[in-house]
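Please read the structure below before turning to the comments.
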Amino acid sequence: MPEKNDLSSAYRRLKSPNAKTRDRALKLIKELKAKRNQKK
């Protein structure tokens, strides 16, 4: 099952001990923030 790609899930995954999971979550948060700033 693929992981959820929403902001709250990404912040939760930042607390993970797994480095790859943290990196993926950080990348997702940056993408979502960039997308949100483009709309303005």
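Please treat every number below as a calculation from the coordinates, not as lab data. Being a predicted model, the structure only gives us computed values, none of them experimental. Glycine gets a Cβ as well: all are built from the backbone with ideal geometry, and neighbour counts include every protein chain shown.
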When the stretch 1-22 is examined, which residues are found to be surrounded by 12 or more Cβ atoms within 10 Å (Cβ to Cβ), in a helix (DSSP H, G or I) and either in contact with a helix residue (DSSP H, G or I) (Cβ under 6 Å, 6 or more places away or on another chain) or of a type outside the set (Lys, Arg) (or both)? Leu7, Ser9, Ala10, Tyr11, Arg13, Thr21
The stretch 23-40, subset of a type in the set (A, V, I, L, M, F, W, C) and within 8 Å of the chain's Cα centre (by Cα), residue surrounded by the most Cβ atoms within 10 Å (Cβ to Cβ): Ala25
